[in-house]
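Worksheet for the structure shown next.
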Amino acid sequence: MAFVIAQPSVPVLPVAGGEDVFPVRRIYCVGRNYAAHAREMGSDPDREPPFFFCKPADAVVPIPSGECVAWPYAMATANLHHEVELVVAIGRGGERIAVEQALSHVWGYAVGLDMTRRDLQGQMKDQGRPWEIGKAFDRSAPMSPLLPAAAVGHPGRGAVWLDVNGVRRQQGDLADMIWSVAEVISRLSGWFRLEPGDLVMTGTPEGVGAVKVGDRIEAGVEGVGKLSLQVT
Ligand code: MN
């Protein structure tokens, strides 16, 4: 048996401090996981259980730590938004995972941007249609290198921040997540069987906003890392 076309390459995320890479299978994203961001998006955070959407694995754009990376982007949107998020990398699969066991399925953590075409997402919401064109577009998930949980543990608190051209836009704390990493994994694994290689983007604090060509984005999660890139 042979492939009839060239086999697509597996998307990877580099592991910090070496030559190793983490193969990406799926990217799950949590919607509205910080109360102030839920309010800025027009919903009541106290009433909503977590909900999930996906990006394709090859939406990942590895951003080497501390470097500036040119990044072709401004396509099909007049309102490209940044959302800085803690990214969880799953190293061990499972389904219906108990909250108490959930962190044992985590391989490591990264900083990611859930880039969003807010205008198209809004149109799809209004029409009751899927969000893909607003959320799951090419290169919509730039991420820092992964840090192994074996080295850094499981961050339960720490600043989550994002600057555009040196001005602070987003500022939150992991402790402010409505659903913790363990709870997110537990809930998600009730809907989908998690497998090694899955990434989970855990939601963004308030302050989301637009970027344009030429803007420089710097973002980080305390204890996990940071990334720096320019929109081109
Ligand atoms: Mn998000």
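The values are calculated or read from the model by the stated rules, or taken from the named source; none is laboratory data. Everything numeric here is computed off the predicted structure, so don't read it as measured data. Because the Cβ atoms are built from the backbone with ideal geometry, glycine has one as well, and the counts that use them run over all protein chains shown. Quick note on the areas: whole protein, heavy atoms, side chains included, nothing else; ligands and nucleic acids left out. Shrake-Rupley method; radii C 1.70, N 1.55, O 1.52, S 1.80 Å.
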Does any residue in the stretch 108-125 that is open to solvent by less than 20 Å² (accessible area, probe 1.4 Å) come within less than 9 Å, Cβ to Cβ, of a residue that is outside any strand (DSSP E or B) and acidic (Asp, Glu) six or more places away or on a different chain, and which pairs are these? GLY112/GLU83; LEU113/GLU83; ASP114/GLU83; MET115/GLU83; THR116/GLU83
Whichever residue in the stretch 13-53 is open to solvent by less than 70 Å² (accessible area, probe 1.4 Å) and assigned to a helix (DSSP H, G or I) and, among such residues, is modelled with the highest pLDDT: ALA35
Does ALA151 satisfy the condition of being small (Gly, Ala, Ser), out of contact with any helix residue (DSSP H, G or I) (no Cβ under 6 Å at 6 or more places or on another chain) and at pLDDT 95 or above? no
Would you please name the residue that is modelled with the lowest pLDDT, looking only at residues in the stretch 137-148 that are surrounded by fewer than 19 Cβ atoms within 10 Å (Cβ to Cβ) and not acidic (Asp, Glu)? ARG139
ILE178 being open to solvent by 10 Å² or more (accessible area, probe 1.4 Å), within 16 Å of the ligand (Cβ to nearest atom) and among the aliphatic types (A, V, I, L, M): yes
Tell me whether the stretch 116-133 contains one or more residues that are among the charged types (D, E, K, R), within 16 Å of the ligand (Cβ to nearest atom), at pLDDT below 95 and in a loop (DSSP other than H, G, I, E, B). no
Taking the stretch 200-223 and keeping only residues that are part of a loop (DSSP other than H, G, I, E, B), aliphatic (A, V, I, L, M), modelled with pLDDT under 95 and open to solvent by less than 60 Å² (accessible area, probe 1.4 Å), one is left with none
Does LEU80 satisfy being buried (at least 17 other Cβ atoms within 10 Å of the Cβ) and farther than 23 Å from VAL21 by Cα? yes
List every residue pair whose Cβ atoms sit under 8 Å apart, with the two residues 6 or more apart in sequence or on different chains, where the first one lies in the stretch 20-49 and is on the phi > 0 side of the Ramachandran plot and the second, anywhere, is open to solvent by less than 30 Å² (accessible area, probe 1.4 Å) and within 16 Å of the ligand (Cβ to nearest atom). ARG32/ALA38; ARG32/SER43; ARG32/PRO45; ARG32/PRO50; ARG32/GLY203
Within the stretch 5-54, residues within 12 Å of the ligand (Cβ to nearest atom) and of a type outside the set (A, V, I, L, M, F, W, C) come out as TYR28, GLY31, ARG32, ASN33, TYR34, HIS37, PRO50
Counting only residues that are among the small types (Gly, Ala, Ser) and within 15 Å of the ligand (Cβ to nearest atom), the stretch 76-115 contains a total of 2
